[in-house]
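Here's the structure, in structure tokens; my notes come after.
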Amino acid sequence: MFLSFPVILNNPDNLGSMRALVYKSTGSWYTVKNQAGGTYNARMKGIFKIDGITSTNPVAVGDEVEIELESEIENTATINEILPRRNYVNRQSPRHKYQHHIIAANLDQSVLFATLKEPRTSQGFIDRFLVACEMYHVPAAILFNKADLHRKKEDEKFFEWKQMYEEIGYKTFLVSVEKGMGIETVQDLLKNKISLLSGHSGVGKSSFINIVCPQLELKTQDVSGWSGKGLHTTTFAEMFDLPFGGKIIDTPGMREFGLVDISKQELSHYFPEMRSRLNDCQFNNCQHINEPGCAIKKAVEEEKINVDRYISYCTILDSIEERKY
Ligand SMILES: Nc1nc2c(ncn2[C@@H]2O[C@H](COP(=O)(O)OP(=O)(O)O)[C@@H](O)[C@H]2O)c(=O)[nH]1
Ligand SMILES: [Mg+2]
Ligand SMILES: [Zn+2]
């Protein structure tokens with residue numbers, strides 16, 4: 001790896017700059033990789049600041065950056081430039097309410113890991129995730145793991161949700177990482193793409209990464225020592241190369257990415273089944289609660305929009321109101 005750029009060794013005064021991709025951020029240091037596969041520890045120059053954006057970490061996993069080598073021996077570099085992002089996902093900084101924390105950038109898709117048992121992922125959580133993906137223009141898929149734990153009740157729920165989500169354009173998958181069931185179809189989904197994996201702690205993200213990238217040997221959690229949704233770790237997002245092509249980004253300890261800047265008025269645009277019907281509401285500022293001539297409520301009554309999705313809409317709408325913009 002250290003001899004990947006012989007030109008640089010010949011010219012120690014001008015190490016030159018190069019493109020690299022950010023694989024991991026640990027506060028002020030970033031792990032970056034160039035096209036030749038050389039890995040460097042990089043940091044921003046002290047003076048570097050991004051105006052206008054209040055982000056607690058200016059560089060995110062998935063960012064394309066321009067780096068300059070500092071020391072070939074220690075594999076260190078400085079980041080001179082962040083190239084324009086195609087997209088990114090955000091959440092509110094845990095410390096400062098009005099600061100954003102960019103979780104990852106330049107994503108092709110986002111895969112939500114959900115489980116119907118141990119732990120149970122709620123529909124409300126899934127729908128908030130989908131709204132966030134719509135906001136960020138990142139295609140979303142839902143992967144239901146731990147199929148081996150399913151009994152009749154969970155199987156019925158899965159098929160109900162599969163139908164509900166696929167009707168509105170979201171792919172769903174049923175897998176058991178433990179039993180190695182359904183993995184190939186997920187590999188097809190991930191192949192040659194940059195995918196963000198998210199979901200509650202304990203749903204099997206690390207276990208999944210370990211079977212698709214066995215060389216990594218990530219730590220997984222012991223269910224016995226795990227106490228429901230309260231678990232909170234503050235580890236950072238990290239990107240991994242898939243051996244069959246593509247990259248995945250693991251987001252340990254991240255419960256939810258934020259509906260940071262959403263307004264009540266725009267919420268229904270992020271429900272695909274509502275978006276396609278908004279023009280039919282009598283009022284163009286309709287929030288689909290009790291306005292007359294509402295096409296959304298009519299579609300719910302006619303069972304063209306799933307009532308549980310509508311309930312999620314109302315719940316999210318309420319939560320926006322509470323924040324008092
Ligand atoms: N029964 C069952 N357990 C699983 C499956 N996948 C993962 N687990 C277990 O769930 C626990 C949490 O997994 P982990 O990969 O750490 O979840 P993460 O927090 O999402 O990264 C571990 O004890 C895994 O062994 C599965 O398909 N079936
Ligand atoms: Mg994990
Ligand atoms: Zn309406």
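The values are calculated or read from the model by the stated rules, or taken from the named source; none is laboratory data. A quick note: this is a predicted structure, and the numbers were derived from the prediction, not measured. When we count neighbours, we look across all protein chains shown, and the Cβ atoms used for this are built from the backbone with ideal geometry, even at glycine.
Structure values in brief
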{"quantity": "Residues satisfying the stated conditions in the range 285-303, i.e. under 29 Å from the mean Cα position of the chain (by Cα), under 14 Å from Glu273 (Cβ atoms) and not in a helix (DSSP H, G or I)", "calculated": "His288"}
{"quantity": "Residue check for Glu178: more than 10 Å from ligand 1 (Cβ to nearest atom) and either modelled with pLDDT of 95 or more or acidic (Asp, Glu) (or both)", "calculated": "no"}
{"quantity": "Residues of the range 151-168 that turn out to be in contact with a Leu (Cβ under 8 Å, 6 or more places away or on another chain) and farther than 24 Å from Asp188 by Cα, as a count", "calculated": "2"}
{"quantity": "Selection from the range 107-134 of residues that are over 18 Å from Asn87 (Cβ atoms) and polar (S, T, N, Q)", "calculated": "Thr115, Thr121, Ser122, Gln123"}
{"quantity": "Residue match in the range 255-274 (condition: more than 16 Å from ligand 1 (Cβ to nearest atom), within 21 Å of Gln109 (Cβ to Cβ), surrounded by fewer than 17 Cβ atoms within 10 Å (Cβ to Cβ) and modelled with pLDDT of 95 or more)", "calculated": "yes"}
{"quantity": "Residues located in the range 294-320, provided they are touching a residue at least 12 places away in the same chain (Cβ under 8 Å) and touching a Phe, Trp or Tyr at 6+ places or on another chain (Cβ under 7 Å)", "calculated": "Arg309, Tyr313"}
{"quantity": "Residue among Glu178, Glu160 that is closer than 23 Å to Gln221 by Cα and acidic (Asp, Glu)", "calculated": "Glu178"}
{"quantity": "Filtered residues of the range 107-135 (kept if hydroxyl-bearing (Ser, Thr, Tyr) and either under 21 Å from Tyr88 (Cβ atoms) or within 13 Å of the chain's Cα centre (by Cα) (or both))", "calculated": "Ser110"}
{"quantity": "Close pairs from the range 219-248: first at negative phi, partner modelled with pLDDT under 50, Cβ under 9 Å, at least 6 apart", "calculated": "Gln221/Leu231"}
{"quantity": "Condition met for Ala36 (exposed (fewer than 14 other Cβ atoms within 10 Å of the Cβ) and modelled with pLDDT of 80 or more)", "calculated": "yes"}
{"quantity": "Cross-chain or 6+ apart pairs with Cβ under 9 Å, the range 272-285 first and free of Cβ contacts under 8 Å to residues at least 60 places away in the same chain, then exposed (fewer than 10 other Cβ atoms within 10 Å of the Cβ) and not in a helix (DSSP H, G or I)", "calculated": "Leu278/Asn284; Gln282/Pro292; Phe283/Pro292"}
{"quantity": "Leading residue by the ranking (nearest to the chain's Cα centre (by Cα)) among those in the range 169-182 that are surrounded by 17 or more Cβ atoms within 10 Å (Cβ to Cβ) and of a type in the set (A, V, I, L, M, F, W, C)", "calculated": "Phe173"}
{"quantity": "Residue ID - modelled with the highest pLDDT, chosen from residues in the range 60-93 that are of a type in the set (Gly, Ala, Ser) and within 15 Å of the chain's Cα centre (by Cα)", "calculated": "Gly62"}
{"quantity": "Test: residue in the range 171-189 that is closer than 28 Å to Glu266 by Cβ, touching a residue at least 40 places away in the same chain (Cβ under 8 Å) and among the hydroxyl-bearing types (Ser, Thr, Tyr)", "calculated": "no"}
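Listed here are the residues, each with its yes/no results for (1) in contact with a helix residue (DSSP H, G or I) (Cβ under 7 Å, 6 or more places away or on another chain); (2) more than 16 Å from ligand 1 (Cβ to nearest atom); (3) more than 27 Å from Glu273 (Cα to Cα).
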site: Ile142; (1), (2), (3): yes, no, no
site: Lys146; (1), (2), (3): no, no, yes
site: Glu156; (1), (2), (3): no, yes, no
site: Glu167; (1), (2), (3): no, yes, no
site: Leu174; (1), (2), (3): yes, no, no
site: His200; (1), (2), (3): yes, no, no
site: Gly204; (1), (2), (3): no, no, yes
site: Phe208; (1), (2), (3): no, no, yes
